[in-house]
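J.: Below are the structure tokens for one structure; questions will follow.
The values are calculated or read from the model by the stated rules, or taken from the named source; none is laboratory data. Source: prediction; values computed, not measured. Glycine also receives a Cβ, built like all others from the backbone with ideal geometry; neighbour counts cover every protein chain displayed.
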Amino acid sequence: MEQQYGFISLELEDFRTWIKQHQVARTLLYVQQHHTFIPDYSHFTGTNHAELQRNMQRFHRTQNGWADIAQHFTVFPDGRILTGRSLEKAPAGIYGFNQHAICIENLGNFDLGGDVMRQEQRVAVVGLTAALVERFSIPPTSRHIVYHHWFDLASGQRTNGSGRTKSCPGTAFMGGNKLVDAEQYFLPMVRSAMPASQIESRAPLRYYAAVSSSTASIRNQPSRSGKKINLVEHGAVLRIYDSHRGWLRLSAQQEEWIWGGAVVRVERAVVSAPQLNIRSGPGTQFRIVGSLLEGQDVFVYERRANWFRISPDLGGWVAGRYLAMV
Ligand SMILES: [Zn+2]
């Protein structure tokens, strides 16, 4: 494992080990696939991984005004994987769809007529995605492994490719950038790269909670004197496994605790209607600000009669009868 400019550089095999030991408090439900477009293969010399990653970080900070590099991971043409933004922070990947996502950038231009993805990179993209969905118990389906192309750029709504979209991760990415291409080519490869599922004895998840203070510390004991091991930001949704004197445990295996006063309880739900309108207030008299597709996961922050307020990044209220609580 090498480190340069603050990025960790890993071969796929090392990544599998590293991610198993890497603790993340944020609830991760989705994996996004992107291509960098620029830089592309012509910028890659075979040894300048960290320089390219640093240049992307600079560009995202200075040109786009973001806090950090947009993506959590970059996959290079030779199959090497570099870390980027902390997994504890939402990426700047797909407008409207970042809160619970992991963002992967594949270095290259994979539109038709652009770069032809090398076999080493193909294996690494599939293997990285498989390792992530395995580690965070994300179902390897097209609801949870998504392409940038499937989201409208202006509204952030999932349209599966209609409306104003980018071609990202490329019209020739793994056989094509459409939903049917992912289901035919990419997702079966991811599933076959997952280890035969090992059944772990885990403490059951009790509920979910969202961070309500601007930031909150995670400590290695249920007490103010516990060592700070991580910091989570406002809006992050956490899994709660246990409680002790006002402190909440965030991991089934590890000692990770957060003060209960820093979070609010939320409920996880899945959209059960083919399409569900999001409205600016709790009733049909309020204007429509967006929509959700069947099977999409949401978190419910508040209930007012039959209207439920959902994750702040989706921004509004939906009719509760079209949500199935999980
Ligand atoms: Zn993209």
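J.: Of the residues in region 156-178, how many are farther than 23 Å from residue 315 by Cβ and away from the ligand (no atom under 14 Å from the Cβ)?
T.: The total comes to 5.
J.: Quick check on residue 50: is it within 16 Å of the ligand (Cβ to nearest atom) and not hydroxyl-bearing (Ser, Thr, Tyr)? Before you say what the answer is, go through the steps one by one.
T.: Numbers: within 16 Å of the ligand (Cβ to nearest atom): no; not hydroxyl-bearing (Ser, Thr, Tyr): yes.
No; evaluated as a whole, the condition is false for this residue.
J.: May I ask you to list the residues in region 100-114 that are away from the ligand (no atom under 12 Å from the Cβ) and either among the hydroxyl-bearing types (Ser, Thr, Tyr) or assigned to a strand (DSSP E or B) (or both)?
T.: 102
So that you can scan it fast, the table gives a plain yes or no per residue for (1) touching a Pro at 6+ places or on another chain (Cβ under 8 Å); (2) surrounded by fewer than 16 Cβ atoms within 10 Å (Cβ to Cβ):
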{"site": "119", "(1), (2)": "no, yes"}
{"site": "132", "(1), (2)": "no, no"}
{"site": "150", "(1), (2)": "no, no"}
{"site": "156", "(1), (2)": "no, no"}
{"site": "169", "(1), (2)": "no, no"}
{"site": "172", "(1), (2)": "no, no"}
{"site": "177", "(1), (2)": "yes, no"}
{"site": "181", "(1), (2)": "no, no"}
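J.: Separate question: Give me a count of the residues in region 55-80 that are in a loop (DSSP other than H, G, I, E, B) and among the aliphatic types (A, V, I, L, M).
T.: Going through region 55-80 one residue at a time, the tally reaches 3.
J.: Something else now. How many of the residues in region 116-153 are within 16 Å of the ligand (Cβ to nearest atom), assigned to a loop (DSSP other than H, G, I, E, B) and in contact (Cβ under 8 Å) with a residue 40 or more places away in the chain?
T.: 2
J.: Give me the pairs, please: first residue somewhere in region 92-115 and assigned by TED's automatic domain parsing to the domain that holds residue 129 and at positive phi, second residue anywhere and within 12 Å of the ligand (Cβ to nearest atom) and polar (S, T, N, Q), beta-carbon distance under 7 Å, and either six or more positions apart or on two chains.
T.: 108/36
J.: Looking at (1) over 29 Å from residue 171 (Cα atoms); (2) part of a loop (DSSP other than H, G, I, E, B), which is the only condition residue 8 fails?
T.: (2)
J.: Separate question: Which number in (1) of a type in the set (Val, Ile, Thr); (2) closer than 30 Å to residue 298 by Cα; (3) not in a strand (DSSP E or B) marks the one condition that residue 45 misses?
T.: (2)
J.: Can you pull out the residues in region 274-298 that are in a strand (DSSP E or B) and surrounded by 15 or more Cβ atoms within 10 Å (Cβ to Cβ)? Walk me through it before giving the result.
T.: Taking region 274-298 first, the residues in a strand (DSSP E or B) are 275-279, 288-293, 297-298.
Once the filter is applied, which keeps residues that are in a strand (DSSP E or B) and surrounded by 15 or more Cβ atoms within 10 Å (Cβ to Cβ), region 274-298 yields 276, 277, 278, 279, 289, 290, 291, 292, 293, 297, 298.
J.: Show the residue pairs meeting these rules: Cβ distance below 9 Å; 6+ apart or different chains; first residue within region 44-63 and more than 11 Å from residue 5 (Cβ to Cβ) and small (Gly, Ala, Ser); second residue at pLDDT 95 or above and surrounded by fewer than 15 Cβ atoms within 10 Å (Cβ to Cβ).
T.: none
J.: Another question, if that's okay. Does residue 67 satisfy the criteria of being within 26 Å of residue 311 (Cα to Cα) and either within 16 Å of the ligand (Cβ to nearest atom) or free of Cβ contacts under 8 Å to residues at least 12 places away in the same chain (or both)?
T.: The answer is no for residue 67.
J.: Of the residues 43, 22, 34, which single one is in the same structural domain as residue 129 (by TED's automatic domain parsing) and buried (at least 17 other Cβ atoms within 10 Å of the Cβ)?
T.: Within the list 43, 22, 34, the selection yields 34.
J.: Going residue by residue through region 238-246, is there one that turns out to be in contact (Cβ under 8 Å) with a residue 24 or more places away in the chain and within 24 Å of residue 319 (Cα to Cα)?
T.: No - not one qualifying residue is present in region 238-246.
J.: Pull up region 33-42, narrow it to residues that are in a loop (DSSP other than H, G, I, E, B) and not hydrophobic (A, V, I, L, M, F, W, C), then point me to the one that is nearest to residue 173 (Cα to Cα).
T.: 36
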